[in-house]
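Coordinate-derived values only; no laboratory data. Being a predicted model, the structure only gives us computed values, none of them experimental. Don't worry about glycine lacking a Cβ; one is built from the backbone with ideal geometry, like all the others, and counts go over all protein chains shown.
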Amino acid sequence: MSKIGKKNITIPKDSSIKIEGANLTITGPKGTKKLTINEKIFSSKLNESQFMIEPKEKKIDKKISILWGTFRSLVNNAVTGVSQGHEKILELNGVGFRANLKGDILNLQIGFSHDVNFKIPKEIKITVEKQTTIKINGVDKELVSKIAADIKSLKPVEPYKAKGIREKGQFILRKEGKKK
């Protein structure tokens, strides 16, 4: 039995799930998300405000248990995304490091001799609160995390002075500098 898979997913009042065979359509105030569940292995049930995924077979082996937890997490992330949305906050640390929005392009000045322009996808909403704080919002958790990772990879945090782009709350292992 999967510890995560057997938990029910609570659907908020303003969201709904529509089951059409193996396809799930999750609708909420932030948008819609479509998922596909393997119908050969799992069956899905929908009560008033509870959604659950169960394996069709009585005997559950390790592989089915892993898949069960994975599919449950994917559906739960989709429900959270369409009802509340997902958010990542990035911080720029360094002298002269700043970010600006120019239409659908994020302009970053991160210590290079040139500005770095990052194209923002249509499904993602990026806001620059201060010049050193970037907020990434969206319905799809995977896409929000991927965009945050792509922006972080433009200037990874170095361990000596902690300059670079990092996620809010991310721990940086600092190293001691050269001694005389």
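Work out the charge dipole of the chain with +1 on the Cβ of Lys and Arg and -1 on the Cβ of Asp and Glu about the Cα centre, then indicate which of Ser145, Ser44, His114 is farthest towards its positive end. Most positive-ward Cα: His114. With a Förster radius of 45 Å applied to the C-beta separation of Lys45 and Ser113, the computed FRET efficiency comes to 0.15.
At an R0 of 35 angstrom, the distance between the Cβ atoms of Glu54 and Phe171 translates into a FRET efficiency of 0.35.
Compared with the dominant principal axis of the Cα atoms in the chain, helix 141-154 is inclined by about 20°. Selection among Gly81, Ala22, Phe171 by position relative to the dipole of the chain gives Phe171 as farthest towards the positive end (Cβ unit charges, Cα centre).
From the Cα gyration tensor of segment 9-83, with a ≥ b ≥ c the square roots of its eigenvalues, which class applies: rounded if a/c is under 1.5, or else prolate if a/b is larger than b/c, or else oblate? Prolate, since a/c reaches 1.5 and a/b exceeds b/c.
Note on Lys180/Lys63: beta-carbon distance plugged into 1/(1 + (r/R0)^6) with R0 of 45 Å gives a FRET efficiency of 0.20.
Rounded to the nearest 20, the Cβ-based charge dipole of the chain about its Cα centre (Lys and Arg +1, Asp and Glu -1) stands at 780 debye.
When shorter helices are ignored and each DSSP H run of at least 4 residues is given -39500 (n - 2.57), the per-residue value for the chain at 222 nm works out to -7000 deg cm²/dmol.
For segment 91-131, the list of trypsin sites (Lys or Arg not before Pro) that fall in a loop by DSSP and count at most 10 other C-beta atoms within 10 angstrom reads Lys122, Lys130. Once the Cα atoms are used to define both axes, helix 62-83 deviates from the longest principal axis of the chain by about 70 degrees.
Grouping the Cα pair distances of segment 86-167 into 5 Å bins from zero gives a pair-distance distribution of 3, 16, 28, 28, 15, 7, 2, 0 percent in increasing distance order.
In plain terms, the chain from Thr25 to Ile120 could stretch by 31.7 nm, reckoned as 0.36 nm per residue minus the Cα-Cα distance.
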